[in-house]
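Below: one structure, written as C-alpha cells.
The values are calculated or read from the model by the stated rules, or taken from the named source; none is laboratory data. This one's a predicted model, so the numbers in the text were calculated from it and none came from an experiment. For neighbour counting, all protein chains shown are included, and Cβ atoms are generated from backbone atoms with ideal geometry for every residue, glycine included.
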Amino acid sequence: MLGGRSMGRATGSSVGLLVLSFEGRSVVRNWSAWDEVKTGAVLSYGVIFIQFLVALLYTPVMLRLLGPNEFGLYSLVSAVVGYLSLISFGFAGAYLRFYSQLRVTEDWRGVRRLNGLFLTVFSALGLFAALGGVALIVSADSVLGDAFTAKEVSTARVLFGVLVVNLVASFLTTVFNSYVIAHERFIFQRLLLIAGTVVSPLLALPLLLIGYNSVGVAVATTVVNVILNIITVVYSRLRLNMHFAFRGLSYSQLRDVSVFSGFLFLNMLVDQVNWNADRYIIGRFQGAAAVAVYGVASILNLSYMSISTAISGVLAPRVNRMVASTQPAKEIGDLFVRVGRVQFLVLGFVVTSFVFFGRAFIEMWAGSDYGDSYIIAVVLMVSVTIPLIQNLGIEIQKAKNLHHFRSWVYGVVALGNIALSIPLTQRYGGIGAATGTAVSLILGNVILMNWYYHTRVGLDIVNFGRQILRLSVGVVPAVLVGAVLVLAVDLSRLSVFLVSGLTYFLTYASGVWWLGMNDYERELFGLPVRRLMRCFSRRGGIWR
C-alpha cells in the first residue's frame, strides 16, 4: 500500500519527508548526503515562493514602465534567443547519466576525462552560439518581420547582443553546473537561484527608472547570471575538487554521449517549439502588443511548471544511481506514484484556484489590458498538468536510456503544434496559439507518453491513474465552493478576493485531507503544521 510505510526517522520539512521515503534502501550512502537532498528540496520550494513573490511585486512595475509594446518586444527576443540554446544538442542532459555510471564503478580518472570532454564540447558550442547571435543581430529586421517599427528593430539588435552574451556564458559553465548537480549540492545551487531571483530585479529596476527600458532588464539579467556562473566555477574547482583531463579523450565515449544527447536534443527542440514558437508566430502576425498579452500568460504558466520540478529535480541523481545499481523496478515505480500523488495535491490546488480567481488576479496584477492572458494561461496550465505530475518519469526514461521514443513522438507533435498554431493565431490571436499548443501537449505528452510509460518503461500507469482519481474526489468540494464564490461575490475588491481565496484554500485542504490523502500524505503535510502550532503554543508564542 502506498502510504503504509512508517516514516520513523522522517524529521524535517514535508518535502524532506517525501525524499526520506527512500529510507533503508541501499542507495542511501550517508545521512549528510540526505540532509543535503532534503534541504535542497525545501529550498526548491523556497525558490519558487521567492520567484512568485518577486513576480508579484516586480512584474506589474516592469509592465507599466515598459508598456505593452516594449515588453512584447523583450519577450519575443528572449524567445528567439532561446532557440540558440538548441546548439547545446542536449549534451547537458547527458552528463548526469554518464557521470553516475563512472561514479558507481569509482572510475575517477574517467570522471576527469568526462569533464574535459564536456568542457571542450561546450566551449565549441559556445563559439557557435556567439556566431548565431551575430547572425541574429545582422538580420534582426528579417527575423522580426514587418509588424515592428525601425526603432523596435534597433532595440531588438541590442537585446540580441546582450542576451547572446548571457547564453554563451551559460554554455561555458554548463559542465560546472552539471558537476554540482551530480554531487547533489542542492543547497548551494538553490541559494544561487534565490540570489539571482532577488538581485536581478533589484538591479533592473533602477535601470528602468532612468530610461534604459528593456535593454536595462537584459543587462541586469546578464550581469547577475555571469557573476553567478563565475561563483559556480570557483565552487566546483575549490570546494568539489573538480579536475579535468584533456589527454586521452575517448572518441567512443563522445559517440555514445552524442547518440544519447541526440534524442535529448529533439526533446529540447520540442520544448522550444511548445513554449517559444507561439510568441514568435504571434509576433509575426499580431505584433508586439499581442506578444505582451501572451507573455504575461507565459510567466504564470512557467511559474506553475516550476513547482513540479522542485522534487523531481533533486531526485534525478538518485534515480540515475538506482537504475545504474539495478534497483528493483517496483521500487522505482512506487517512487513515481508517490511523487505524482504529492505533486497532484499541490498542482491541483494551484490550477483550480487559478481557474476560479485568475481573471480577477490578472486584472489587479497586470491591468485590464491583459484580460486575454487569463484564458491563455488557463488553456496552457490545464493541458500541462498531467505531464507535470509525471515529471519524474522523464528522469526514469533517461536513466534507463528509453527516451528515444519520447523524442520522436514529441518531434512529430511539435510539427503539428506549428501547423495548428499558425492558422489559429491568424484567426484568434494568442488564444488560438495557446489552443494549438494545448492540443499537441494532450496528444503527445498525455496520451502517447502514458501508453509508452506503461508498455515499455515499466511504470504501472493504470495504478497511477487510479491513485490520482482517488485524490481527485477530495478536490470536488473545493470546486463547488469556487464556482459559488465566482458567481456570488465581487472578486475585483481586494479584501473580498483575499477572503475568498482563503475560503477556497481551507475547503481544498479539508477535502483532500478527509477524502483523498492516505496515511503517508497526512503525515507528510501534517507534521510541519503540528510543529508550527507547537512552536507558537509555547510561552508568548515565541519561535524558539
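Does G248 satisfy the condition of being at pLDDT below 85, surrounded by fewer than 19 Cβ atoms within 10 Å (Cβ to Cβ), small (G, A, S) and on the phi > 0 side of the Ramachandran plot? Here the answer is yes, as G248 does meet what is asked. Residue count for the stretch 158-184, restricted to those that are over 20 Å from the mean Cα position of the chain (by Cα), more than 20 Å from S75 (Cα to Cα) and of a type in the set (A, V, I, L, M): 2.
Give I376, I422, I362 a once-over and let me know the one that is surrounded by fewer than 21 Cβ atoms within 10 Å (Cβ to Cβ), touching a helix residue (DSSP H, G or I) at 6+ places or on another chain (Cβ under 8 Å) and not charged (D, E, K, R).
On the way: I376 fails: surrounded by fewer than 21 Cβ atoms within 10 Å (Cβ to Cβ); I362 fails: surrounded by fewer than 21 Cβ atoms within 10 Å (Cβ to Cβ).
Sole residue among the options that is surrounded by fewer than 21 Cβ atoms within 10 Å (Cβ to Cβ), touching a helix residue (DSSP H, G or I) at 6+ places or on another chain (Cβ under 8 Å) and not charged (D, E, K, R): I422.
Among the residues in the stretch 158-180, are any buried (at least 17 other Cβ atoms within 10 Å of the Cβ), without any contact (Cβ under 8 Å) to a residue 24 or more places away in the chain and assigned to a helix (DSSP H, G or I)? Within the stretch 158-180, not a single residue is buried (at least 17 other Cβ atoms within 10 Å of the Cβ), without any contact (Cβ under 8 Å) to a residue 24 or more places away in the chain and assigned to a helix (DSSP H, G or I). Pairing residues of the stretch 392-414 that are under 19 Å from I461 (Cα atoms) with residues that are assigned to a loop (DSSP other than H, G, I, E, B), at Cβ distances under 6 Å and at least 6 apart in sequence or on separate chains, gives Q397/H403. Only a single criterion out of (1) among the aliphatic types (A, V, I, L, M); (2) at pLDDT below 90; (3) under 22 Å from G216 (Cα atoms) is not satisfied by L86, namely (3).
Mind listing whichever residues of the stretch 182-191 are of a type in the set (A, V, I, L, M, F, W, C) and under 18 Å from I48 (Cα atoms)? Spell out the reasoning first.
Looking only at the stretch 182-191, we keep the residues that are of a type in the set (A, V, I, L, M, F, W, C), and these are 182, 186-188, 191.
Across the stretch 182-191, the qualifying residues are F186, I187, F188, L191.
Restricting attention to the stretch 108-157, the residues that are without any contact (Cβ under 8 Å) to a residue 12 or more places away in the chain and buried (at least 17 other Cβ atoms within 10 Å of the Cβ) add up to 1.
Every listed requirement among (1) surrounded by 15 or more Cβ atoms within 10 Å (Cβ to Cβ); (2) modelled with pLDDT under 90 is met by G211 save one, (1).
Is one or more of the residues making up the stretch 60-75 among the β-branched types (V, I, T), within 27 Å of the chain's Cα centre (by Cα) and modelled with pLDDT of 75 or more? Step through it out loud before you land on a result.
Of the residues in the stretch 60-75, the ones among the β-branched types (V, I, T) are 61.
Adding the requirement that they be within 27 Å of the chain's Cα centre (by Cα) leaves 61.
Next, from what is left, pick out any that are modelled with pLDDT of 75 or more: 61.
Yes, the stretch 60-75 contains a residue that is among the β-branched types (V, I, T), within 27 Å of the chain's Cα centre (by Cα) and modelled with pLDDT of 75 or more.
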